[in-house]
Amino acid sequence: MISDEEIIERYFSRDESAITATAQKYGGRCYGVAYNILRAREDAEECVSDSYLRVWNSVPPDRPQSLKCYLLKIVRNLSLDRLKFLKRKRRCRELEISFSELENVLPDSSVPDGTEESELAEILNQFLVTLSRDARLIMVARYWHFLSISEISAKYGYSAGKVKTSLSRSRDRLRKYLEERGFMNENSENN
């Protein structure tokens, strides 16, 4: 097998066989690092591929003392960046789900004329105070932090059933609370 020093020299001479030699020597380890972070074959393979390009673009001018460590650090960092991106994407999905849960609860066109957003925000804050501590924690986690049901369950040690029931009851209470204050039509659709 080719030595790391020879592979690095190939990078310095801009010989594309350096990438092939790197993949042959360290591809399995790189994939293992990426997969352990991402837990998805396609994403891990993409990060490994991207790492070879990153090495190609950084050697030269960099001359790593250990090609293996240099490469694995790049794979790890790319994989962590990919994981952050995927979590943000999942958060966007949770955001959409959260908004759909509230679409029949929060007012839109039924807000009385002259009502400022700050007034509605104050009423929502007043409503949260009426909830039990558990219900308030669950509601804020879901609709402010946009956590999934399973994330809320894990964070607070509640069962998924308790979280769902609490959210449903809190949404019903919020609808009634807003109706009493003139922010909703009393015959609004229930969710």
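The values are calculated or read from the model by the stated rules, or taken from the named source; none is laboratory data. Just so you know, these numbers come straight off a predicted model, no measurement behind them. Positions of Cβ are backbone-derived with ideal geometry, glycine not excepted, and every protein chain shown enters the neighbour counts.
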Return the total of residues in region 33-71 being more than 19 Å from Thr20 (Cα to Cα) and either touching a strand residue (DSSP E or B) at 6+ places or on another chain (Cβ under 8 Å) or aromatic (Phe, Trp, Tyr) (or both). 1
Touching a Pro at 6+ places or on another chain (Cβ under 8 Å) and modelled with pLDDT under 95: is that true of Leu83 in this structure? no
Counting only residues that are more than 24 Å from the chain's Cα centre (by Cα), within 15 Å of Ala34 (Cα to Cα) and among the aliphatic types (A, V, I, L, M), region 45-71 contains a total of 1
Taking the residues in region 1-17 that are closer than 18 Å to Lys68 by Cβ, free of Cβ contacts under 8 Å to residues at least 24 places away in the same chain and of a type outside the set (Gly, Ala, Ser) as candidates, determine which candidate is surrounded by the fewest Cβ atoms within 10 Å (Cβ to Cβ). Glu5
Among residues of region 30-74 being among the polar types (S, T, N, Q) and outside any helix (DSSP H, G or I), the residue surrounded by the most Cβ atoms within 10 Å (Cβ to Cβ) is Ser66
Would region 117-137 turn up any residue that is modelled with pLDDT under 80 and on the phi > 0 side of the Ramachandran plot? no
